Structures are given as structure tokens and as C-alpha cells.
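S.K.: Take this structure first; my questions come after.
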Amino acid sequence: MDLLESLIDRAAEYLPKDRVKKVRRAYDFADAAHDGQVRKSGDPFIIHPLNTAIYLADMKLDADALSAALLHDVMEDCGVPYGDLESRFGGDVAKLVDGVTKLNKTDLLSGTIEYARRQPSEDSHAQAASLRKMLMSMAEDIRVVLIKLADRLHNMRTLRALSEERRRAIAQETLDIYAPLAHRLGIWEIKWLLEDLAFQHLNPEEYKQIAGLVNSKRKERERYIERVKSTLEAELEKNGLQAEVKGRPKHFYSISKKMMAYRAKNKTVDEIYDLFALRILVDDVKSCYAALGAVHAKWRPLPGQFDDYIANPKDNLYQSLHTAVLCEGASPVEIQIRTHEMHRLSEYGVAAHWLYKEGEPTDVRFEEKMTWLRQLLEWQRDVSGAEEFVESFKTDVFQNQVFVYTPKGDLKELPAGSTPLDFAYRIHTEVGHRCIGAKLNGKLVSLNSELQNGDTVHIMTSKTVRGPSMDWLNPNLGYVKTTSAREKVRQWFNRQARRTNIQRGREIFVKQLRRLNTDLDDLEVAQSMGLDSTDDFFAALGSGAISISDVVNKLTTQEVTPQQEHLVPLPSTGPASGIQVLGVGDLLTRMARCCSPIRGDDITGYITRNRGVTVHRRNCPNIVHETETERLVEVTWGQTQTLYPVRISIEAWDRVGLLRDVTALVSEERVNIASCVSEEDDDVSVISLTVYTDGITQLSRLFSKLEDVDGVMRVLRAKSLSPVPASS
């Protein structure tokens, strides 16, 4: 069999002959055990474990891991007992197979973690609990998870045989859990493959669009990158540097995220040349910095685009220098500089620095690097529920990271967007509970300030435990971003007297009803939140187990929905015509009179000489017979959103700048103001605003922010609203 020969050849490149024979024996046993079994695709079942083992052989894992990969389904699918595997292949292989068998039961085929949280059931709780076991197992033997990642990679490549619903569920779980896990383990090769495969099943249309975008400009970009590469090679040679320069293609999922970021900043994406970047490989660290100097001497570096992950390596073993420069034609190009050894680590992460090489001593550096995992597991130990644990990992571990320092110079890693409070709780629970202030780089800052790479954080604490504030649990105020810190705050309130929690929860609920100017039955609201009594509801609200935002989201479709009779449909981001030109942003567009396209038609754009883009139906004769095909561009129908006019009354102590602060805050929340009237009575100012909001959630967030404005005493929603004429 070609696949078997490929596996044996790859294993023989780095394993002794006797260990290769063990891998061959494992294949023979697995082949016999799976005899007659086929996959849904119709292929013999043995194809799957063979491919799984080949992926691991590419990462040069040990013979036990390759054997376990070949045998990883025999216990579950063939009924082979643990003892039989142990006697034939040894305890290590049997434990690995047993571990992977347990992980196979963690697949969340009913949907993602978010789905499970929205649809609570015994199955979703069991799935989250199993996933928790999987994450905990990483600290015991990382090979179990590496086998599971290889297993998932081959499954993702053969999803076509499954139903669409099942494909989407597996793809979403892959994007939520397995791709970030590969990233945190430093296995870039598997990470980007999983992301692209999941993206292809979750957003097939966007995947095709990006593929078309990349292919349409591929030759032009490749010619450009080749010119830059030749110039760079000559510059490095002139500086006496032995270096290998490679083009580095960006993958479709990363391109999609970059396009979203560009659109959010109203930037165009059609001509971004860093869809292909450059990578410089040298022999040693000294040459890395010498190459960086040569690059910056040749081209102007872009401000804020330099990262030194050699001096400050990531905890997943990654090391490299990152920079971006303006090259020919003032086009930005990303450049990574690393040694050949660093490159091997970046592709295969922990697997490239393997601990289990036969006959070699334990790798101390590997052990030190893997402490991040054990530390994170320790931080998560207090998280009570299985689903909360998994959610904590998704927010605290799998998101982009920011690196900050303690006053003593120790480096700490937190999720991007974390605050000083998150930092305090990461140090110790008691430090978080006693926190009364924080300094960033020697300057006093608010506790909801966002930490940036390189910040030095000093937490000021009280001598006695004052305990956290309920405001810390309000997501609109942004005091804590990590799930682990939020859980510790909740636990503190859960330990307080139930009566106090009930009273506090009732006050919060009444305040929210007064804000929204609506009357709701307490018991009905409690039952809608899945609680049997109003006391349980108020206690949960007061303890922080549920937030007022959760209640507002639950009630969004109920009686507190804004007044439907005054809907004002407004276009979302995009041209006023509702047409979006792919990769270009806002351009002047008009509808072609020859075919008169309407929303829902398959359309394309034609670049005119002086009137922007004309939109035609794709089967329009004028387009079908068009000879200047380079003037055709991809266009899509834009989205629309409905905004509701709401009148808000703000009572505050009169002061200079009050109206400015209020209107500036509303503007920062991206809420349009239709009218504003301010009246003064003695020292009290009453500001009446009519704003356009997209629903209760945004309105509730706006109330929270307005109440935080200096001098504001009360924010209410008016009971009635005069009709507002609709605008297009």
C-alpha cells in the first residue's frame, strides 16, 4: 500500500530499525482489527489511522506515538481490550490509545460550545465535561493531544461524506477549539490547515470569493514579491549574510480576518501586497538582527509594526523577528526573520522539541516552556462548571495574547484586551479582591484600562479585604475581560448572604425597568431565565451569576422591544446604493438601465471611465459580450439594518461641559442623535435626547455608560415618542 510505504519511509528517516518494526507491527494489528470496516466516504477504514500517523511522522514523533496513531480507533471501534494492547505494544502505547479513545468522545457534534450554552441539556453538559478532561490531559502527556490534532486534520479533509449540519458542527468546533489549541502548542502547520478547512465548510461563498480574489491578482503579486525578494537577497549578500529568502503565502482564513479588519477601519483591501510576505532564514541569532538592520537600511519600516519574539519568545516556543516595510511603489510587505531552528519550531511547535526521543535525556528547555499549560490549568482550577471551564479556556487561552511585566520585571501573559483587574486576579485571587487601584508604567489609570504589550503593571491593594464591586461584572463597563477573573468575582458574591444578594438583585432589576420604562411580571421574567422563583432570580442577579445584560438579551424579543411603528431602515456600512464592491470599499455606483438589477439578482460591476461602477445582472448581454474583461469587478448586495428612535431623559447636576460629555459619549457608542433639548432648573439640568438604536441591548449599554458620566443622577427612557418621519 502506497500510504504504508510512505509512513515507513518517513519513520525510517529518524527512527532506529527496531522502532520502525514496532510501527509496522502496529499497522498489521490495526489492519486486521479494522478488516471489513469502511468509512462513510467508502474508503477502507485503515486509510484514516494511516494518514493520522503520517502527519505525526512529518513532525518526527516517537515510535510509541506513531503506533498509537495507527491503533487509536481499535478500542472503540473494534472492541480490543486495553490489556491486549498493553501486552502487545507496551504500557505507553496502551495509555496513549486509551487517552485518544476518551478524547474521541468529546466531539461536540450537536454544535459549538456557544450552542451548548444556548441549548442546555444533559448532552451539552457531558460534552463540556469531556472537553475539560481533554484539556486537563494535555499536562499529563501532550502526545495524546498531538494524535488527536492529526486525527482531526484527516477528518476535516474527508468531511464531504457527512451531512451539511454535521459538517458545519465539526468545522465550528475545529475553529473554536482545535485550531487555537494547535496555535497555543506552536504547531503552525496544523493550525492553518485546520482553519482553512473549517472556513471552507462554514463560509463556502466567502471562501470562493477570497480564492477568486487571490487568484485574480496572483501573477501580479508574485511578480512584485519576486522583484522585492531579488532586491533583498542582493542587499543581504552585500552585507555578508548567508540567508535563504522565501515568499510566504497568507492563508484564506487569515486573509478573511484581515479583510474584516480593513473594512472596519474603512480601508481598501484590493491592493494589499502582504497577501504574500517574505521570510528570511539565517544560521544564528546574531545574523537575525544583522538581517533586520539590512532590511531597515534598505526600506523604511512602518511605525508600530515591529515585534521581537527572539528576545521575548512566546510561551508556545515561537521565536522570530517581525517587521513591515514600505518597498517598491510604497507598498507594505511583511517580513519575518528567524533561524532555521526557529523555523522548525514555528512549523511543528512542541512536537519539534520533542521530549520523548528514545535514549535521550529529558529536555529541560521543553519542560520549562510547557509550564504555561500547567499554570493555566492551575488558574482554571477554581472554575466551577465544566462549560465555564471550557469557556474560560476559549477566552483566556485561545485568544490573542498580550505580554506585560510585574514591578519586579517578571513577564506575564494575558488575553489581548485584558485589564489591570484581570492582571490582579491572575497574580492571586486575594490580590484581585483587595485591589483598589493600578499604575501602568508608573502612572495611575482606571481599573478598566486596556493593557498593551510591554506595560509594567503595579496593583495597589487595601490592607483589608474590601471585596469586588458589582460594577466589575458589568460587561458594558469592561472591568474584567477574562472568564477566570469574572468567575472569581462571582464566587466572592456567591459567598455573601443570600438575603443581601436578593435585595441587591431586586434593586438592579427595578432600576433596569425604570430605565426602559416598562412593566414586567417578576415571576415571568424569572421563569424565562430558567429559575423557579423570584427570590432565586434576584439572588442570581445580585450575586452576579447572571447579569442584567443577560436579562436584557433574553427580553429583547418580548415586551420591551422598541416601538415597532417607527422603524427607520438605514443602510449599514457601505455605499448609499446598498452595493458593496469587493475589496475596494465605497465607490460611486449606479444601476444599469439595460438590465435593471434588483436585490437578489446575481450581479457584477463594470468600471466606467468617469461614472464609477455600473452594476449589471451577470447574464446581461452587454456584460456577456464585453471584451474588456479587466474592467469587470466583483460586487455584492450590501446589508441593511433597522434603527429605532428612542427618547432618553438625563437628570444631572448642572456643570460646564455636561452636554458636551453626554453627546460625545453617545457618539463614541456609534449611536445617532436625532434631537437634543437641554433645560435647567436651579442646579439641575435635564437633557432630553432622541437617539436611533438597534435594540434593547445597545440601549441598555448606552444607559450604563451615561450613568457613569460625572454628575449624572438618573437616566430614564421616555414613555412616549412622537412619530419620526422615515429617511432612506
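The values are calculated or read from the model by the stated rules, or taken from the named source; none is laboratory data. Because the structure is a prediction, the values reported are computed rather than measured. When we count neighbours, we look across all protein chains shown, and the Cβ atoms used for this are built from the backbone with ideal geometry, even at glycine.
S.K.: Take E507 and decide whether it is part of a helix (DSSP H, G or I) and within 30 Å of the chain's Cα centre (by Cα).
M.R.: Working: part of a helix (DSSP H, G or I): yes; within 30 Å of the chain's Cα centre (by Cα): no.
Spelling it out, it is not the case that E507 is part of a helix (DSSP H, G or I) and within 30 Å of the chain's Cα centre (by Cα).
S.K.: Out of (1) modelled with pLDDT of 85 or more; (2) among the basic types (K, R); (3) buried (at least 16 other Cβ atoms within 10 Å of the Cβ), the odd one out for K250 is which?
M.R.: (1)
S.K.: Okay, next question. Being buried (at least 19 other Cβ atoms within 10 Å of the Cβ), closer than 14 Å to L185 by Cα, out of contact with any Phe, Trp or Tyr (no Cβ under 8 Å at 6 or more places or on another chain) and at pLDDT below 60 is the filter here; which residues of segment 118-167 pass it?
M.R.: Correct list: M138 only.
S.K.: With respect to R655, determine if the residue is assigned to a loop (DSSP other than H, G, I, E, B), over 36 Å from the mean Cα position of the chain (by Cα) and modelled with pLDDT of 85 or more. Please lay out each step first, then the result.
M.R.: Details: assigned to a loop (DSSP other than H, G, I, E, B): yes; over 36 Å from the mean Cα position of the chain (by Cα): yes; modelled with pLDDT of 85 or more: yes.
Yes: the conditions hold for R655.
Table: residues versus (1) surrounded by fewer than 13 Cβ atoms within 10 Å (Cβ to Cβ); (2) within 28 Å of the chain's Cα centre (by Cα); (3) within 27 Å of D307 (Cβ to Cβ).
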{"position": "K408", "(1), (2), (3)": "yes, no, yes"}
{"position": "E413", "(1), (2), (3)": "no, yes, yes"}
{"position": "D422", "(1), (2), (3)": "no, yes, yes"}
{"position": "R426", "(1), (2), (3)": "no, yes, yes"}
{"position": "G437", "(1), (2), (3)": "no, no, no"}
{"position": "L440", "(1), (2), (3)": "no, yes, yes"}
{"position": "T461", "(1), (2), (3)": "no, no, no"}
{"position": "D471", "(1), (2), (3)": "no, yes, no"}
{"position": "P475", "(1), (2), (3)": "no, yes, no"}
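S.K.: Given E205, E244, E237, E220, which one is surrounded by fewer than 16 Cβ atoms within 10 Å (Cβ to Cβ), over 30 Å from L50 (Cβ atoms) and in contact (Cβ under 8 Å) with a residue 12 or more places away in the chain?
M.R.: On the way: E205 fails: in contact (Cβ under 8 Å) with a residue 12 or more places away in the chain; E237 fails: in contact (Cβ under 8 Å) with a residue 12 or more places away in the chain; E220 fails: in contact (Cβ under 8 Å) with a residue 12 or more places away in the chain.
Testing whether each residue is surrounded by fewer than 16 Cβ atoms within 10 Å (Cβ to Cβ), over 30 Å from L50 (Cβ atoms) and in contact (Cβ under 8 Å) with a residue 12 or more places away in the chain leaves just E244.
S.K.: Within the group V666, V691, V677, which residue is in a strand (DSSP E or B) and surrounded by 16 or more Cβ atoms within 10 Å (Cβ to Cβ)? Give the steps one after another, and end with the answer.
M.R.: Numbers: V666 fails: in a strand (DSSP E or B); V677 fails: surrounded by 16 or more Cβ atoms within 10 Å (Cβ to Cβ).
Residue meeting the stated conditions: V691.
S.K.: Moving on to the next point. State yes or no: is W492 farther than 29 Å from L716 by Cβ and not basic (K, R)?
M.R.: The answer is yes for W492.
S.K.: Same structure again: Hey, among the residues in segment 605-633 that are polar (S, T, N, Q) and surrounded by fewer than 16 Cβ atoms within 10 Å (Cβ to Cβ), which one's nearest to L213 (Cα to Cα)?
M.R.: Step one: filter segment 605-633 for residues polar (S, T, N, Q), giving 608, 610, 614, 619, 622, 627, 629.
The next check asks that each one be surrounded by fewer than 16 Cβ atoms within 10 Å (Cβ to Cβ); those that pass are 608, 610, 619, 622, 627, 629.
Values: T608: 21, N610: 24, N619: 21, N622: 23, T627: 20, T629: 15 Å.
Result: T629.
S.K.: Please work out if K191 is among the basic types (K, R), within 17 Å of the chain's Cα centre (by Cα), within 23 Å of R248 (Cα to Cα) and part of a helix (DSSP H, G or I).
M.R.: yes
S.K.: Let me ask something else. If I ask for residues that are farther than 19 Å from L7 by Cβ and of a type in the set (S, T, N, Q), which ones from segment 38-80 would you list?
M.R.: Taking segment 38-80 first, the residues farther than 19 Å from L7 by Cβ are 38, 40-42, 75-80.
Listed by number, the list holds a single entry, S41.
S.K.: From the list K314, K267, K257, which residue is within 28 Å of the chain's Cα centre (by Cα) and either modelled with pLDDT of 90 or more or assigned to a helix (DSSP H, G or I) (or both)?
M.R.: On the way: K314 fails: either modelled with pLDDT of 90 or more or assigned to a helix (DSSP H, G or I) (or both); K267 fails: either modelled with pLDDT of 90 or more or assigned to a helix (DSSP H, G or I) (or both).
When all the criteria are applied, what remains is K257.
S.K.: Give me the pairs: first residue in segment 707-720 and at pLDDT below 85, second residue part of a loop (DSSP other than H, G, I, E, B) and surrounded by 14 or more Cβ atoms within 10 Å (Cβ to Cβ), beta-carbon distance under 6 Å, and six or more apart or on different chains, which are they?
M.R.: R717/N517; K719/N517
S.K.: Could you say which residue among E222, E206, E195 is modelled with pLDDT of 85 or more and farther than 30 Å from E413 by Cβ?
M.R.: Numbers: E222 fails: modelled with pLDDT of 85 or more; E195 fails: farther than 30 Å from E413 by Cβ.
After ruling out the rest, the residue left standing is E206.
S.K.: If a residue has to be over 24 Å from V465 (Cα atoms) and touching a helix residue (DSSP H, G or I) at 6+ places or on another chain (Cβ under 9 Å) to count, how many in segment 437-454 make the cut?
M.R.: Result for segment 437-454: 1.
S.K.: So is V214 aliphatic (A, V, I, L, M), in the same structural domain as Q336 (by TED's automatic domain parsing) and part of a strand (DSSP E or B) or not? Please lay out each step first, then the result.
M.R.: Values: aliphatic (A, V, I, L, M): yes; in the same structural domain as Q336 (by TED's automatic domain parsing): yes; part of a strand (DSSP E or B): no.
Criteria not met by V214.
S.K.: Please count how many residues of segment 533-553 are more than 25 Å from G467 (Cβ to Cβ) and at pLDDT below 80.
M.R.: The first filter runs over segment 533-553 and keeps only residues more than 25 Å from G467 (Cβ to Cβ), leaving 533-534, 552-553.
Okay, now just the ones that are also at pLDDT below 80, so 552-553.
Of the residues in that region, 2 qualify.
S.K.: Hey, another quick one. Across segment 288-311, which residue is surrounded by the most Cβ atoms within 10 Å (Cβ to Cβ) among those that are aromatic (F, W, Y) and part of a loop (DSSP other than H, G, I, E, B)? So that I can check it myself, show each step before the final result.
M.R.: Initial filter on segment 288-311 (aromatic (F, W, Y)): 289, 299, 306, 309.
Restricting the remaining residues to those that are part of a loop (DSSP other than H, G, I, E, B) gives 299, 306, 309.
Values: W299: 21, F306: 14, Y309: 17.
Restricting to residues being aromatic (F, W, Y) and part of a loop (DSSP other than H, G, I, E, B), the top hit is W299.
S.K.: Please pick out the residue among D536, D521 that is surrounded by fewer than 19 Cβ atoms within 10 Å (Cβ to Cβ) and farther than 23 Å from G695 by Cα.
M.R.: Numbers: D521 fails: farther than 23 Å from G695 by Cα.
Checking each option against the conditions leaves just D536.
S.K.: A33 is checked against (1) within 30 Å of S163 (Cα to Cα); (2) in contact (Cβ under 8 Å) with a residue 24 or more places away in the chain; (3) in contact with a Phe, Trp or Tyr (Cβ under 9 Å, 6 or more places away or on another chain) and fails just one. What number does that condition carry?
M.R.: Checking A33 against (1) within 30 Å of S163 (Cα to Cα); (2) in contact (Cβ under 8 Å) with a residue 24 or more places away in the chain; (3) in contact with a Phe, Trp or Tyr (Cβ under 9 Å, 6 or more places away or on another chain), the one that fails is (3).
S.K.: Oh, and also: Kindly indicate whether any position in segment 100-111 is within 27 Å of S346 (Cβ to Cβ), at pLDDT below 80 and not in a helix (DSSP H, G or I). Explain how you work it out, then say what you get.
M.R.: Applying the first criterion (within 27 Å of S346 (Cβ to Cβ)) to segment 100-111 yields 100, 103.
The next check asks that each one be at pLDDT below 80; those that pass are 103.
Those left that are additionally not in a helix (DSSP H, G or I): none.
Checking segment 100-111: not a single residue is within 27 Å of S346 (Cβ to Cβ), at pLDDT below 80 and not in a helix (DSSP H, G or I).
S.K.: Continuing with the same structure: Out of the residues in segment 312-334 meeting the condition of being among the aliphatic types (A, V, I, L, M) and surrounded by 15 or more Cβ atoms within 10 Å (Cβ to Cβ), tell me which one is nearest to L414 (Cα to Cα). Please lay out each step first, then the result.
M.R.: Of the residues in segment 312-334, the ones among the aliphatic types (A, V, I, L, M) are 317, 321, 324-326, 330, 333.
Now drop any that are not surrounded by 15 or more Cβ atoms within 10 Å (Cβ to Cβ), which leaves 317, 321, 324-325, 333.
Numbers: L317: 16, L321: 21, A324: 25, V325: 28, V333: 29 Å.
Ranking the candidates gives L317 first.
S.K.: Please name all residue pairs, on different chains or six or more residues apart, with Cβ atoms under 7 Å, provided the first residue is in segment 276-287 and is outside any strand (DSSP E or B) and the second residue is β-branched (V, I, T).
M.R.: Matching pairs, first to second residue: D283/T339; D284/T339; V285/I310; V285/T339.
S.K.: Please go through segment 208-217 and give me each residue that is of a type in the set (K, R) and surrounded by 17 or more Cβ atoms within 10 Å (Cβ to Cβ), ordered by number. Steps first, please.
M.R.: If we filter segment 208-217 for residues that are of a type in the set (K, R), which is where we start, we get 208, 217.
If the condition is that a residue be of a type in the set (K, R) and surrounded by 17 or more Cβ atoms within 10 Å (Cβ to Cβ), then K217 is the only one that fits.
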